[in-house]
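Report on the following structure.
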């Protein structure tokens, strides 16, 4: 008899727990979300200054010894990266924003301490695309990334110093295709450098 009473009590307790779980919970009503009504602008109110769509772009550079950039077999694919980027810019109708600058004139003047760590002759790849330059730094690894002063003009960022000597391939070439012709990097000089005796 006591066993039957215990079973009945358990069943009643289970029913009470189930009813508690299923009972609706009273929640405070949610506030209605309303969109602000466009009110007519008061002609006497001061005009808000317009935010410029484009801000002045800052030049970023990666600098390294010229032989490492141009003649080191481990960087042989970098030439193709640059060519592919030129092709992509052409397809998108974009103006190229990256250039090689031999022995940049700003290196010693603006970054004297960092310049001591770069073996000469050196080469800088400069661009206004900060994200892509981060990729280049990670891709090449042994290069120095520098942000040029914010007030630098394109002429200052692309100003070259002494011309590079003829650079020959260093190390063993292991790619299944012939090495790139000497001077391939000159195709990526700024347009104003076309007449310069590099």
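Quick rundown of the values:
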{"item": "In the range 141-161, the residues that are at pLDDT below 90 and under 19 Å from residue 111 (Cβ atoms)", "result": "142"}
{"item": "Output for the range 138-164, where each listed residue is surrounded by fewer than 16 Cβ atoms within 10 Å (Cβ to Cβ) and assigned to a helix (DSSP H, G or I)", "result": "138, 139, 154, 155"}
{"item": "Residue within the range 79-99 that is without any contact (Cβ under 8 Å) to a residue 24 or more places away in the chain and within 20 Å of residue 163 (Cα to Cα) present", "result": "no"}
{"item": "Residue list for the range 59-86, restricted to those being closer than 19 Å to residue 131 by Cβ and not in a strand (DSSP E or B)", "result": "59, 78, 81, 82, 84, 85, 86"}
{"item": "Residues within the range 87-127 that are part of a helix (DSSP H, G or I), surrounded by 13 or more Cβ atoms within 10 Å (Cβ to Cβ) and within 17 Å of the chain's Cα centre (by Cα), tallied", "result": "1"}
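For every residue, the table says whether it meets (1) touching a strand residue (DSSP E or B) at 6+ places or on another chain (Cβ under 6 Å); (2) modelled with pLDDT under 95.
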{"site": "96", "(1), (2)": "no, yes"}
{"site": "107", "(1), (2)": "no, no"}
{"site": "125", "(1), (2)": "yes, no"}
{"site": "139", "(1), (2)": "no, yes"}
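The values are calculated or read from the model by the stated rules, or taken from the named source; none is laboratory data. Values in this document were obtained by computation on a predicted structure and should not be read as measured data. Cβ sites come from the backbone with ideal geometry, for glycine too, and all protein chains shown count toward neighbours.
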